[in-house]
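The values are calculated or read from the model by the stated rules, or taken from the named source; none is laboratory data. Treat the numbers as computed from the prediction; the structure is a model and nothing was measured. No Cβ is skipped: glycine too gets one built from the backbone with ideal geometry, and neighbour counts run over all protein chains shown. Ligands, DNA and RNA are excluded from the accessible area calculation, which covers all protein heavy atoms including side chains. Shrake-Rupley method; radii C 1.70, N 1.55, O 1.52, S 1.80 Å.
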Amino acid sequence: MTHRLHPGLPLLALPLASASPAVLATDYPTSDYLTGSWGGARDRWSDQGFSFNLSYTTESMANVSGGEVLGGTYADNIGLDVIFDLQRLLGIPSTTLLVKGSKRDGLSVSEKFIAPSEGGNAFPVQELYGGQNVKLANVQFNTRLLDDRLDLAYGRLIANDDFLRSDLYCQFLNNSFCGSPKPVFYQNPFTFSAYPVAAWGARARYDTESRVWTVQLAIYDGDIEGKRGDPASPSHNTHGTSWGWGNNGVTLAGEVHYHVNRDSKDALPGTYKLGGYTMNGDFAEVSSTTGATTSGSAMGWALVDQMLYREQAGAERGLWGFGALVFSFTNDTNPMTWYFNAGLVYQGLFAGRPDDKTGLAVTSGWFGDQVNVARQADGLAEKDYEAVIELNHTFVLGHGIAIEPDLQYIIRPAATGDIDNALAIGAKLMVQF
């Protein structure tokens, strides 16, 4: 039997117990999956057009200094991803169906301990907190054409899967990095979706023949939670199973990518992105104390991922850098009007641990003047900026298990200056079954 290799997954050659010189390749080596290939069953299913991944991740964090209250919490996520290869199963050319589900539990240390008087600090220290229930996320078709240079996605999509993202961000636990820079989620109601929240949409991504440039455009339903333009309304899509089209306009997103040394194993690759979105629905006016709304919201961004150092030609070990700048075009609907992040991720920093990763990053976001109009009227402290510095190291233990001790220093929690700087420590545990 011939087994297909998924891009990005390592090949593990396993000697057979018999005297035969044959070598068995698997997409599910025990080095990367706790339960392995199930005696080859998962490889056979994959060859027939069906594959899945089950994961468990937990983030235990504690506020050990500063903030408002000392104490800790945990948050966790059980994720199930199922992929159907529709060409193998039904003869539909070059098309797959992705279905994702999530179950989240736990509490937020940002809301409960660091800044409870403000409903939490601006950049929550646990990215797994949010939507603590069972939720259906992606139900997404992908069709690839033109030698895979044209990728069409349609169905129940997550905007942050494609836009304003970096593969380096989720080295970090703070929600300002993983899944993406936070300002795009502060509108009320929010319409730029992030896991595990999905919306009806369609996205086209095109690589030029040289693969130096990529252009992607998308349209999404602008009423993810079924609020129908009423910011005071609770969510009407708690479990992601309400599939009606909303009544609050649409979100249009676009990005252009410039690639340097793309996919090179010798030179230093990098990707530079410019993008933005515009929304035409109704949103809370951030300066209002009476619940007034206004139409339209828009933001833009610039992102960079660049490998800075490679230990030797062909090696994955080395240093990556990243940075982002996010800015608002409509300060009456976007509470945080300027934002930046920058960071470094080193794979294989220690000689005997080639797969470990070490991360150091900083982020800061500034609130707009219009936010403080309402806060002054309500007798609340003005908001200016919050910043976070994060340091961590991922120990890859094998068998699909990794643990990541993490330290975060939160400067001006909730951006008011009334709450002491906080130090949060903890760890992330990841298991791939």
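Structure data summary
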{"read-out": "Within-11-Å neighbourhood charge of Gly417 [Cβ basis; K, R +1; D, E -1]", "value": "-3"}
{"read-out": "Portion, in percent, of the accessible area of the chain that falls on carbon or sulfur, probe 1.4 Å", "value": "60 percent"}
{"read-out": "Overall form of the stretch 155-215 per C-alpha gyration tensor (a/c, 1.5; a/b vs b/c)", "value": "oblate"}
{"read-out": "Phi to ³J(HN,Hα) by Karplus 6.51 cos²θ - 1.76 cosθ + 1.60 over the stretch 34-41, Hz, x for Gly, Pro", "value": "4, 9, x, 9, 6, x, x, 5"}
{"read-out": "Binned Cα-Cα distances of the stretch 24-87, short to long, each 5 Å bin given as a whole percent", "value": "4, 13, 18, 16, 12, 8, 7, 7, 7, 5, 4, 0"}
{"read-out": "Neighbour net charge for Gln370 - beta-carbon separation under 15 angstrom, K R +1, D E -1", "value": "-4"}
{"read-out": "Gaussian network model of the chain, springs between alpha carbon atoms under 10 Å - residue of Pro231, Pro196, Pro335 with greatest fluctuation", "value": "Pro231"}
{"read-out": "Projected area, mean over directions - the stretch 261-338, Cα convex hull, nm²", "value": "6.5 nm²"}
{"read-out": "Per-q log10 I(q)/I(0), the stretch 228-380, q = 0.08, 0.11, 0.19 Å⁻¹ (Debye; single scatterer per alpha-carbon; no solvent)", "value": "-0.39, -0.67, -1.13"}
{"read-out": "Proximal aspartates and glutamates relative to Lys383, as straight alpha-carbon distance under 13 Å, when same-chain residues fewer than 8 apart are discounted", "value": "Glu118, Asp369, Asp418"}
{"read-out": "Potential lengthening between Trp213 and Tyr154 on full extension [0.36 nm per residue; Cα-Cα distance subtracted]", "value": "19.0 nm"}
{"read-out": "Tail beyond 20 Å, pair distance distribution of the stretch 299-369 (Cα, percent)", "value": "46 percent"}
{"read-out": "Normalised contact order of the stretch 27-105, rounded percent, pairs of Cα under 8 Å and 6 or more residues apart", "value": "24 percent"}
{"read-out": "Cα-based equivalent ellipsoid of the stretch 114-156: semi-axis lengths in Å, sorted from largest, via gyration tensor", "value": "38, 14, 7"}
{"read-out": "Relative packing of peptides 376-384, 321-329, 76-84 - highest average C-beta neighbours within 10 Å first", "value": "321-329, 76-84, 376-384"}
{"read-out": "Cα-derived Rg over Rh, computed across the stretch 313-433 with Rh taken as Kirkwood radius", "value": "1.12"}
{"read-out": "The chain, accessible area per residue, ligands and nucleic acids excluded (1.4 Å, Å²)", "value": "44 Å²"}
{"read-out": "Most mobile listed residue (Arg156, Arg203, Arg353) in the chain, GNM with C-alpha springs under 10 Å", "value": "Arg353"}
{"read-out": "Computed [θ] at 222 nm, deg cm²/dmol, the chain (DSSP H ≥ 4; -39,500 (n - 2.57); rounded to nearest 500)", "value": "-1500 deg cm²/dmol"}
{"read-out": "Under 5 Å, built H, 5+ apart or other chain: amide partners of Val250", "value": "Gly222, Asn280, Gly281"}
{"read-out": "Most positive-pole-ward Cα, Gly91, Gly66, Pro116, against dipole of the stretch 64-142 from beta carbon charges", "value": "Gly91"}
{"read-out": "Listed residue (Thr214, Gln187, Tyr277) projecting farthest to the positive dipole end of the chain, Cβ model", "value": "Thr214"}
{"read-out": "Top of Leu146, Leu407, Leu136 by mean-square fluctuation, Gaussian network on the chain, Cα under 10 Å", "value": "Leu146"}
{"read-out": "Test item: Cα-centred dipole of the chain, Lys/Arg +1 and Asp/Glu -1 on Cβ, debye", "value": "900 debye"}
{"read-out": "Local electrostatic count, Pro269, Cβ distance below 11 Å [Lys/Arg +1, Asp/Glu -1]", "value": "0"}
{"read-out": "Principal semi-axes in Å for the stretch 217-287 [√(5λ), Cα gyration tensor, largest first]", "value": "36, 15, 11"}
{"read-out": "All Cα pairs of the chain, percent lying beyond 32 Å", "value": "40 percent"}
{"read-out": "For the stretch 109-198, the spread of Cα positions along each principal axis, largest first, Å", "value": "53, 26, 22"}
{"read-out": "Extent along principal axes [Cα atoms of the stretch 59-208; Å; largest to smallest]", "value": "58, 29, 28"}
{"read-out": "Length-normalised contact order for the chain - Cα pairs under 8 Å, 6+ apart - percent", "value": "14 percent"}
